[in-house]
Structures are given as C-alpha cells and as structure tokens.
Amino acid sequence: MTDSLAQPIRVLHLNAGACGGAALGAVGLHESLLDLGVTSTFLYGNGPRECTISSAERMIQSQILSAGIEKVLPRFETGLVRILSGRRGLPFSLGQVGNPLFQRRALLQNSDIIHLHWVNGSMLSLRQIAAFNKPVVWTLRDEWPYTGGCHYAGECQKFEMKCGQCPMLNSHRSYDLSTFIQRQKTRLPEDIRYVGISDWITQRAKRSSLLRTATVTTILNAINPSFFESDGSTERGELRRRLQLPEKATILLAGALDLDSPFKGYEILQHIKPDARRDLHLLTFGSISDDLKDSISIPATHLGPVLQQMELKEVYRAADLFLAPSHQESFGKTLAEAAACGLPTVCYDVGGPAEIVIHEQTGFKAEPFNTDQVIAYCMQLVDDVGLRTRMGHDARRQSVRFKPARAAKEYLQLYREVLNR
C-alpha cells in the first residue's frame with residue numbers, strides 16, 4: 001500500500017557498490033521506499049547488480065565511476081595506507097579521494113535528501129560530502145563516520161577523545177594520519193542526521209568526540225524475511241545433495257564476506273575438535289585462507305564466496321545451526337538471515353548480534369569472549385534436535401522485526417523531520 005505523502009520526497013542513496021551487507025541493507029530500504037511512493041534512487045559505484053536480489057527500478061550504476069577510475073582511486077588510497085602503516089589489508093579508509101566529477105551529476109542536484117550508506121572505497125571524499133549543500137542522512141553501516149579512519153575501533157577508545165598513536169596504523173606519533181582524518185571530519189556540516197543500524201553502534205557514536213553533540217537515532221537494519229522463508233519446493237536432503245553435503249550429519253554453518261577478518265572471530269573454528277559421538281560437519285561460505293582451512297580438524301565443506309542471494313538462501317536452509325562469533329559488528333545481517341531461515345544461532349553477547357539473538361529462545365549468547373562457552377552452546381544444539389527445532393521456530397517468528405517496510409516508514413518520518421526543520 002502506498003503511503004500518502006504530503007509532498008513528493010526525492011531521495012538519492014549513495015553506496016560504494018551493489019555487493020555486501022551494506023549494499024543489501026541499502027537496496028532493501030530503497031525498494032521499500034519506492035513502495036511507499038518516495039522518489040528513491042540508488043546510485044552505486046562498482047560491482048555487479050546481480051549481487052543483490054533487487055528487481056527494483058531506479059538502480060543506477062554511476063557511469064563515471066564504472067569507466068575504470070573506480071579501479072585506480074581505491075588502489076591509490078589502499079597503497080597510501082600500506083606505505084604509511086607498513087601493513088596490508090587494513091580496515092582503514094582515508095576519505096581523501098573521491099571521484100572528481102561526481103559533484104556534477106544531475107541526480108545529486110535534483111534530490112531533496114542525500115542518503116549516505118557505505119561510501120568508502122574512494123567513492124566520495126570528505127570534502128565532497130561537506131560540499132553537498134543538501135540535507136544529508138548518513139546510516140552508520142560501520143564505525144568509520146566517527147573514527148579517525150578505522151572501520152571498527154576494536155578495543156581502542158581514542159575515537160571518544162582524540163585520535164593519534166593509532167594502533168591500527170602501528171603509529172607512535174600523537175599527531176598521525178588518524179588525527180588528521182578526525183580533524184577533517186569536524187568540518188562536516190553539523191546538521192547531518194546520523195542513523196545507527198543497532199543500539200550498539202548508536203551508543204558508540206554518541207560517545208565519540210565527533211558525534212557527541214550530533215543527532216544520532218537508531219533504525220534497526222532490515223532484511224527481507226519472506227525471501228528466506230522456505231516455499232517447500234526443495235527439501236533439505238535435496239539441498240544437501242546439491243551442495244555435496246552428508247545428508248544425515250548435523251551441519252554447523254559459519255559464514256561472512258571474509259572469515260579471516262579478526263572482527264569476525266572465526267579463528268574459533270580451530271578449537272572445535274572431532275568427537276566420535278557426534279556426526280558433525282562444518283559448512284562455510286565466504287573467502288577463507290588456506291591457513292584457516294588447514295587449522296580446522298572437523299569434517300568441513302568450504303563453498304567460498306556466495307554472492308547470489310538465492311544461492312545463499314539454499315545454504316542456510318541446508319544447515320542445522322549458525323555460528324557467528326563476531327567480536328565487533330554493527331548489526332549482523334547473516335544472523336538475521338539465518339533466523340529467517342529457521343536456524344538457531346550462537347554468538348557472543350556483544351555488538352549488534354547481541355540485539356538479534358534472544359538468549360535461550362532463538363539461540364545462545366556467550367560471555368565475551370569465552371571460546372569454551374561458545375563451543376559448549378554449539379554442542380548443546382548439536383546434541384538436542386528438539387532444542388534446535390524449537391529455537392529455530394522462534395528465530396523465524398522473531399525475524400519479522402527486520403522487515404524493510406518497518407525501516408522504510410521510520411526513515412520516511414526522519415526525512416520529513418529533516419526537510420521541515
């Protein structure tokens with residue numbers, strides 16, 4: 001049903017790509033806003049649209065960014081970070097390099113609100129964001145908007161005061177790259193409205209020196225639970241045969257974009273030991289290093305990256321339980337998807353995942369970061385089919401909390417507040 005708008009609102013969503021958790025959350029919001037009658041446009045910089053399940057209109061890949069420059073600019077930025085830190089693959093962005101022609105796009109000029117999602121990877125620079133001259137809503141898909149450059153601060157709390165001597169950059173200087181970036185962010189417009197996708201990241205943002213006086217609200221992230229529901233057309237046995245999984249084993253699922261990320265906590269997999277009393281099989285999706293594979297001693301199947309949402313849905317439905325031992329995560333899209341597929345989940349009682357799992361109802365939340373307790377909870381679910389079934393049913397029922405229509409209505413109200421101030 002179309003929401004009756006007092007006046008047409010033209011929203012331009014900006015995200016660096018069409019793949020990954022941030023993109024899927026942003027696209028789901030875009031689709032639901034279209035259903036409400038909002039003139040919503042989703043502009044992304046790189047990556048195939050096929051990564052999403054969207055068939056929505058107004059999904060546009062920037063021709064400027066897809067002409068090859070999107071390959072050069074991120075390499076320049078990551079190369080500079082590597083030179084300054086002496087380390088590769090850091091979850092750290094400068095925000096200094098953006099496409100030089102982006103500001104001229106007519107879409108930008110003809111929009112009432114610019115809605116930023118994950119805009120790193122040299123899609124936009126801080127200077128470009130400061131020069132929008134439009135109302136801006138910025139969804140906190142990670143911690144970068146309020147830190148000195150890191151996407152997750154880990155145990156470092158310098159973002160609450162003054163960055164410098166950045167542990168991620170291996171810096172011992174009181175004024176370093178993180179200090180410079182933090183100071184640049186103080187020049188962003190004070191009236192940007194920030195939205196946390198969980199209470200955890202909202203509270204972290206409010207403690208930061210950059211957003212302490214800003215307006216930060218929570219609108220829970222969204223997935224499409226009905227997409228992940230079983231239509232009954234394919235039984236679990238058939239799904240397991242397709243994936244070449246043992247049909248009678250208990251399948252423990254673990255997955256992320258990068259299982260080797262220190263924030264995901266999947267080094268715990270090496271501590272799960274074979275037990276002759278249990279027919280346990282590990283199934284993983286996402287990139288995984290040979291070192292992590294070799295450290296796992298239980299039988300395992302590694303699917304690698306699964307970009308198609310339809311394929312990922314089948315992976316969830318072939319499993320019996322989900323393990324998500326993240327140390328720091330703004331929401332936990334995979335946990336919400338697993339719940340929608342009827343899987344009980346084991347996680348740590350920290351971050352966004354702790355707001356998704358209801359302890360002893362839809363899964364278990366272990367003390368941070370008690371590895372033995374996580375494994376014990378997993379084995380409890382492995383050993384008790386009835387418990388898995390009950391928790392799985394409750395997880396599916398609770399997943400309605402993540403419907404995109406709910407988030408879209410909350411964002412629509414926020415847009416109206418921003419335009420009426």
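The values are calculated or read from the model by the stated rules, or taken from the named source; none is laboratory data. Predicted, not measured: the structure shown is a model, and the values here were computed from it. Methodologically, a virtual Cβ is constructed for each residue, glycine included, from the backbone with ideal geometry; neighbour enumeration extends over all protein chains shown.
If you take just the strands (runs of 3 or more DSSP E) that sit entirely in segment 147-260, which of them hold at least 2 residues that are at pLDDT 95 or above and within 30 Å of H271 (Cα to Cα)? In segment 147-260, 250-258 are the strands (runs of 3 or more DSSP E) which contain 2 or more residues that are at pLDDT 95 or above and within 30 Å of H271 (Cα to Cα). Taking the residues in segment 97-117 that are in contact with a Leu (Cβ under 9 Å, 6 or more places away or on another chain), more than 17 Å from V81 (Cβ to Cβ) and not aliphatic (A, V, I, L, M) as candidates, determine which candidate is modelled with the lowest pLDDT. Only one residue fits best here, namely F102. All conditions but one from (1) free of Cβ contacts under 8 Å to residues at least 40 places away in the same chain; (2) surrounded by fewer than 24 Cβ atoms within 10 Å (Cβ to Cβ); (3) within 22 Å of T139 (Cα to Cα) apply to Q361; the one that does not is (3). Just a yes or no: is a residue in segment 135-143 farther than 22 Å from P262 by Cα, assigned by TED's automatic domain parsing to the domain that holds G45 and under 17 Å from the mean Cα position of the chain (by Cα)? The answer is yes; a qualifying residue exists. Any residue at all in segment 210-221 that's in the same structural domain as G148 (by TED's automatic domain parsing) and in contact with a Pro (Cβ under 9 Å, 6 or more places away or on another chain)? Yes - at least one qualifying residue is present in segment 210-221. Checked against (1) in a helix (DSSP H, G or I); (2) in contact with a Leu (Cβ under 9 Å, 6 or more places away or on another chain); (3) assigned by TED's automatic domain parsing to the domain that holds A336, T389 passes all but a single condition, namely (2).
Within segment 266-286, can one find any residue that is outside any helix (DSSP H, G or I), touching a Ser or Thr at 6+ places or on another chain (Cβ under 7 Å), closer than 24 Å to A23 by Cα and charged (D, E, K, R)? Checking segment 266-286: not a single residue is outside any helix (DSSP H, G or I), touching a Ser or Thr at 6+ places or on another chain (Cβ under 7 Å), closer than 24 Å to A23 by Cα and charged (D, E, K, R). Screening A338, A395, A376, A407 for residues that are part of a helix (DSSP H, G or I), buried (at least 22 other Cβ atoms within 10 Å of the Cβ), of a type in the set (G, A, S) and free of Cβ contacts under 8 Å to residues at least 60 places away in the same chain leaves exactly one candidate, A395. Of all residues assigned to segment 189-203, none qualifies as being touching a Gly at 6+ places or on another chain (Cβ under 8 Å) and of a type in the set (K, R). A residue that is touching a strand residue (DSSP E or B) at 6+ places or on another chain (Cβ under 6 Å) and hydroxyl-bearing (S, T, Y) can be found somewhere in segment 366-377. Under the condition of being of a type in the set (S, T, N, Q) and within 20 Å of the chain's Cα centre (by Cα), the residues counted in segment 373-421 number 2.
So that you can scan it fast, the table gives a plain yes or no per residue for (1) surrounded by 17 or more Cβ atoms within 10 Å (Cβ to Cβ); (2) out of contact with any Phe, Trp or Tyr (no Cβ under 8 Å at 6 or more places or on another chain); (3) in contact (Cβ under 8 Å) with a residue 60 or more places away in the chain; (4) more than 25 Å from A222 (Cα to Cα):
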site: E247; (1), (2), (3), (4): no, yes, no, yes
site: T250; (1), (2), (3), (4): yes, yes, yes, yes
site: Q270; (1), (2), (3), (4): no, yes, no, yes
site: P274; (1), (2), (3), (4): no, yes, no, yes
site: S287; (1), (2), (3), (4): no, yes, no, no
site: K293; (1), (2), (3), (4): no, yes, no, yes
site: T301; (1), (2), (3), (4): no, yes, no, yes
site: P305; (1), (2), (3), (4): no, no, no, no
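You will find that of L252, L220, L210, the residue that is touching a Lys or Arg at 6+ places or on another chain (Cβ under 6 Å), of a type in the set (A, V, I, L, M) and at negative phi is L210 and no other. Of all residues in segment 189-229, those being more than 20 Å from H13 (Cα to Cα), buried (at least 16 other Cβ atoms within 10 Å of the Cβ) and over 17 Å from the mean Cα position of the chain (by Cα) number 7.
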